[in-house]
Each structure stands twice: as structure tokens, then as C-alpha cells.
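Read through the structure below, which is laid out as C-alpha cells, and then see the notes.
Just so it is clear, none of the values below were taken in a lab; they were calculated from the coordinates. Everything numeric here is computed off the predicted structure, so don't read it as measured data. We place every Cβ from the backbone using ideal geometry, glycine too, and count neighbours over all the protein chains shown.
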Number of protein chains: 2
Amino acid sequence: MITTKTAVGIDLGGTNIKAGVVDGNGKLLSRTSIPTDAAKGRDVVIDRMGLAAEEVRQKAGLAWNQIAALGIGAPGPLNPKTGVVAFAPNLPGWVNVPLKDIFEKRLPVRVQVGNDANVASFGEYWMGAGRGTNSMILLTLGTGIGSGVVLDGKVWEGADGMAAEIGHMTICYNGVKCACGNFGCIEAYASAPSMVRRLKEAIAAGRPSSLADKATRPDGLSARDIHQAAVAGDATAGAILEETGRFLGIACANLVNIFNPEMISFSGGMTDAGEMLFEPIRKEVKSRSFQPGSATVRVVRAALPDTAGIIGAAGCALKALETSAS
Amino acid sequence: MITTKTAVGIDLGGTNIKAGVVDGNGKLLSRTSIPTDAAKGRDVVIDRMGLAAEEVRQKAGLAWNQIAALGIGAPGPLNPKTGVVAFAPNLPGWVNVPLKDIFEKRLPVRVQVGNDANVASFGEYWMGAGRGTNSMILLTLGTGIGSGVVLDGKVWEGADGMAAEIGHMTICYNGVKCACGNFGCIEAYASAPSMVRRLKEAIAAGRPSSLADKATRPDGLSARDIHQAAVAGDATAGAILEETGRFLGIACANLVNIFNPEMISFSGGMTDAGEMLFEPIRKEVKSRSFQPGSATVRVVRAALPDTAGIIGAAGCALKALETSAS
């Protein structure tokens, strides 16, 4: 238990705003998910965040004076000390938004803003796969690769709140160009779009695949198609999935040598592929990183794909209250 | 100030045992350096460590009951919780040595054993280049690349005391084979031996160099020769040094994206090359890592090449006392 207090957690996404009331044991007392309506602009989104918070408070049957804090996990570069979101690619009009100040004016609680991936890693550490560990890294596989690092039970945010951009760790300094401008980032090898790119290249090179037709249609192929085809026995899709696992394993071996963590957990749709993805990850970790760290680390699927963001946002806010009180 | 107490710090190297008495402000009250005599075996080395500790205690004019702790920075994989050194490649006969127990039996003080590079990073953070920062990474350039990571004023040791093996971060997954068995470790590109290898390759490929003669003699060429020739205007040596800086910069860019630290400091003879080494490091950091982390991080030369190990060992021991008391 972090505290006897209770907080509201908000997970602000480009598509949905998820919110919940979370107690000091990490128990979710109520939750909701409403559309973000990002296209309607910044002020509408902020109002909708307030609405979601109000809805879960009422659902939990608590008055605002029974709630100690509001935690928000937000996308984009942001400063966790000031609670200002610098910008958010998926939220039009979001430039230098002082989220903390805005919500501290609206609500009678302390507000804590954190990077969405960092906050989710804390949720996963606190109540998910990482329960009982002291150090855990979460990697979120999707269009990009998000991540958060929990050390000694605390999110490591770095000097500017920019730590844990693990998706942009170079694993090949003269490798594939990444969307970020750098070369050879793990994201450029193992994100969903790069998996699709690699399968299309394999098909173009004459490898047979049940996805050959779909691959010729613009935007016709998703990472989900690939891992589903792989699981169904498509050898080319299987090879692409295995290669993705190997790339992720190289990144994980680096994380083991750098952090010597107890756990690395993965979330995102791609983890539905199960052992076809995890087996090559673990193999690379074993062959590329040092003992005993490579034996200690557990490489697992995250346990809270839907709620880690809410629980983590609330948990980080409660943790910040405790730290400032002590 | 960590504490009002005082500790002895020992920096156990393959060639020399360095020791000193250090107060809670990080002030070195006395120091010594004596040969390790590693070839004489484990028990002789342990006796000599005791001798060095006794010498600096007497030099400082303190009784043992005025000293609160003994901190030891030791090479090789070791467990900081138990204080057992698993093995040490440069110390013959060192297998599973319970250093903490041995010295707690000999001396009336608490003993804290840490990895030498981790301990040195704490010294550098506490009293050297990292003074005033909250997070600092030290990289030690030599035959290998050692490193330590200080976060929030504490060494991050990891689950097994094996964290911060940054020299074995892969920067090219299908790259040069490293002595550790992995491929593409930064150590395989930017250590002293790899610099020598790359210069020899350049000379063999017909590049002119003032070191051409020396390069043909077995073991005739050192990293020092290369950076000295580079500083003296040898273009080929200069290109090798610059390339070394670029490789280190790629590793630093990863560290910025992963940790968002306030400082990365470098120690080791190669840092004598000054801006010829640091300028390409900073350039890669700027081009490969994210803002504002890439602007925040200061990439500098370490300030305590001789004493970081002693001061850090004592400091970690004092810090451990404070933590266990609170």
C-alpha cells in the first residue's frame, strides 16, 4: 500500500480518455472510457477530461474532499515538475498546455502530470506483472515503442522528464532511418509499421505468404495480420515475427546490461503472438547480456493492458503526495 | 554533506591498492597507494588492503572508534548486498571472496563493498565533475569501458549489482565481436585496444601516419600514442580519434534517451586528447538524441581521476550507514 488516500487517474489518449478512482492499495473503485474528441481542439479535450474525472468520482460514491489527488498520464514531451505538456502530436492545438495548473484551478486536489508511458509502467509495476519486483521496465509495442522505467519503486523520469525513450535506443548506428531522424533506433526495426515494411520486402523478394494479396493494397496490411498469419503457420510471417523478437531481444539485452532489472514487460497488440514473439526475445537476452542479470530478468507480457495507465497515473499522484509530505 | 561521520575508502586495483580517510563532506583527510602484489595471491592482497587501511587511519590521526565504516571498491562481478566478489580477472585466486565478512571480522566497522566503477561514479558525482547534479553517468575509458550510473544521488546497482555494464551496450547488432562474446558492444569500438586495431587497419590500408613504424612492432602501439599523434597533427591518428569520439557519442546519445541525465563524464588516459575527443562525442549526442535532454546533458571530463575510487568507496559506505539508520 502506498497510502490510505484515494486518487483519480486519467489516461489521456489520442482516441479515448480513460479514467478511474484508485485507492492506496491500487484497487480500481470505478472506471470509464470516453472518446477524446481530439479534433475539436484543446479546450474540448480538457473539458472532457474533467467530465471523465467527475463521472468516476460519482460512480465511486466519493466526495471531492475524499479524494487526495488527480494523476494524469499525457502524451508528448512534458515537464512533470511544472505539469506543462510541450506538445502532443495526436492532440491538435496542444502546445505548452499547463495541465497541472488548469486542473488545480478546477478541482480541490493536488495534480500530478506524467508521461503516459512512464505512468503506465508504474501501474504495471504496482498492480500488474511487476508486483513484488523492485525494478521493472515496460515496453509498449505499437506504431511506436513507448517505455517507462521503474527503479526502486519509483519512475525514473530524468532531468527533464524525458527519460525512458527506449524506442529510440540505437541498436545499429548505421542502420535504418527512424521517424525521429536518428539511424538504427529499435523502433525502426520492431514497431508495427517496420514489421509491415519488412514483410512487404520479403514478399517483394519472392517469399511466399498468405498475406501476399493483402500486402499489395495500400494500407492493407497490419502488424496484427502478420502475427495472426504467423500463429496460423505462415512461414514468412513467422520469420518476420521471429526477427522482430530478435531485434527486441537485442534491445532487452542492452537494458539488462544497463539496468540489471528484475523484469522487462511488454504490452501492445503484438504480444498476442505469445511465445512466437517472446522466445526469440529471451534467446537474445541470454546470448547477449551478462550473467547473473540475464538469468535474473523475467521477460513477460504485461498484465494490465487496459488499466495500467489509469492505475499508474493515480499511483504516481499518491506517491508524489507521500514524498512531499515526508 | 552526507553525514558527520568518517570512513575509510579502499580502491582495489590489479596494480595498486589506493586508500584514504574521507569525512562526511567528502574531504580526503589522508591517502596512500601501495602495490597490490596480486600475483602473491588472495590472502596477501587482503592483508595489504588491511595495511593500507591502517596506514591511512594513522595518517589521519584517528582511532578506529572514530571511524564509522569501511568502503571498498572492488573489480569483477560482485554482490553488493553480501559483499562477496564472485571473481576478478586481474586478481589471481579471487573466487567467491567474502570481502565484507573478512573485513568486518578484522575491523570494528561496518563494511560496504561495491563495484569499482560504480563506486568511482559516486565519488565523481559527490566531489568531482558531478557536484551539484542529481544524475550523472561516469564512463572510464581504458582496456575496457567501465561505468557507473548515479540517479537521484544514489548509485543504481541493479538487482544483482550488475547494472551499468554500459561498455557492453550493443550499438551495432551485427558488428565487431567483443571480448564478452556479444557483437557490436561500444567497448569493441571505443576501448584502447580497439582504437589500436583500427589505426593498424588504416595503416595497412595505406593511410600515411607517423605511427606506421611503431604499428608494425608487436605491442608497439598504445591508445596514448594515437591520441598524442592526433594532437600533434597526424591526420590518420586524428581520424581514428574522431571516429572513437563518434562511437562514444552514439553510446552517449543512447544514454541521454534512456536516462535523460544531467551529466556524462569521462575518465581515463584517452581524455587527455581533450576537445579532439569531446567535440565528436557532443556532436553525435546533439544529432542523435532528443531535445531537451540533448541540450541539458553536460558531456565533460571527470575531475578526480586518482581519487574518485577512494572517495566514492567511503561515500557509498557512509551513505549506506545513513540509509540503514533511517
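Taking each pair of different alpha-carbon atoms in the stretch A:185-234 once, compute 1/r for the pair, average those values, and report the inverse of that mean as the Kirkwood hydrodynamic radius in Å to one decimal.
With all distinct Cα pairs of the stretch A:185-234 included, I get 11.0 Å.
Every other copy gets compared here: list the nm distances from the residue A:283 label point (7 Å along Cα to Cβ) to its counterparts, shortest first, one decimal.
Taking the point 7 Å beyond Cα along Cα→Cβ, the inter-copy spacings are 4.0 nm.
One decimal, nm, shortest first: give the distances between the label point of residue A:105 and those of the same position in the other copies, each label point 7 Å from Cα along Cα→Cβ.
Inter-copy label distances (nm, one decimal, shortest first): 6.9.
Please give the calculated 222 nm ellipticity per residue for chain B, where each DSSP H segment of at least 4 residues contributes -39500 (n - 2.57) and the sum is spread over every residue; nearest 500 deg cm²/dmol?
-12500 deg cm²/dmol
Report P(r) for the stretch B:119-222: all Cα-Cα distances, bin width 5 Å, range 0 to the bin holding the largest distance, values in whole percent.
2, 12, 17, 15, 15, 14, 10, 7, 5, 2
What are the nm distances, shortest first, from residue A:131 to its equivalents in the other copies, labels at 7 Å along Cα→Cβ?
Output for residue A:131: 4.8 nm, nearest copy listed first.
Filter the DSSP H helices in chain A by two things, a Kyte-Doolittle mean of at least 0.5 and an axial alpha-carbon span of 27 angstrom or more, and list the hits by number.
Long hydrophobic helices here: A:235-259.
Mean projection of the alpha-carbon convex hull of chain B over all orientations, in nm²?
Result: 17.0 nm².
Using only atoms on other chains, find how many Cβ atoms lie within 10 Å of each Cβ of peptide B:244-252 and report the average.
1
For the rotation taking chain B to chain A, which residue of B has the Cβ nearest the axis, and how many Å away is it?
Nearest-to-axis residue on chain B, with distance in whole Å, is B:172, 3.
When a/c reaches 1.5 or more, the comparison of a/b and b/c decides; with that in mind, is the stretch A:134-301 rounded, prolate or oblate per its Cα gyration tensor?
It comes out prolate by the Cα gyration axes.
For Cα pairs less than 8 Å apart in space and 6+ apart in sequence, what is the mean separation divided by the residue count of chain B, i.e. the relative contact order in percent?
20 percent.
First check a/c for the stretch B:31-114, with a ≥ b ≥ c the square roots of the eigenvalues of its C-alpha gyration tensor; if it is under 1.5, answer rounded, and if not, answer prolate when a/b is larger than b/c or oblate otherwise.
Oblate, since a/c reaches 1.5 and b/c is not below a/b.
Could you line up A:222, B:289 from fewest to most neighbouring Cβ atoms inside 10 Å?
Neighbour counts put them in this order, fewest first: A:222, B:289.
Volume per residue, Å³, of the convex hull around the alpha-carbon atoms of the protein assembly as shown?
163
Give me the aspartates and glutamates in straight-line cross-link reach of residue A:5: C-alpha distance below 12 Å, same-chain residues under 8 apart excluded.
Those aspartates and glutamates meeting the cut-off are A:23, A:322.
For the stretch A:101-145, just say rounded, prolate or oblate: build the C-alpha gyration tensor, square-root its eigenvalues into a ≥ b ≥ c, call rounded for a/c under 1.5, and beyond that prolate if a/b exceeds b/c, oblate if not.
In terms of gyration-tensor shape, oblate.
Partner chain Cβ atoms within 10 Å, averaged over the residues of B:152-163 - can you pull that number for me?
Mean partner-chain Cβ count within 10 Å for B:152-163: 6.
What's the average, rounded to a whole number, of partner chain beta-carbon atoms within 10 Å of each residue's beta-carbon in B:173-182?
Rounded to a whole number, the mean comes out at 4.
Return a whole-number percent for the relative contact order of the stretch B:1-89, with Cα pairs under 8 Å and 6 or more residues apart as the contact set.
30
Note down the relative contact order for the stretch B:133-301 as a percent, whole number, built from C-alpha pairs under 8 angstrom at least six residues apart.
Once normalised by length, the contact order is 22 percent.
Quick one: which residues, 5+ away or cross-chain, put their amide H under 5 Å from the amide H of residue B:301? H built at 1.01 Å from N.
Placed amide hydrogens put B:266 under 5 Å from residue B:301.
Could you pull out the pairs from A:177/A:200; A:18/A:283; A:154/B:27; B:18/B:200; A:283/B:177 whose alpha carbons sit more than 26 Å apart here?
A:18/A:283; A:154/B:27; B:18/B:200
Amide H to amide H, which residues 5 or more places from residue A:17 or on other chains are under 5 Å from it, using H placed in the peptide plane?
Correct list: A:34, A:36.
Fewest to most neighbouring Cβ within 10 Å: what's the order for A:150, B:231?
Lowest to highest Cβ neighbour count: B:231, A:150.
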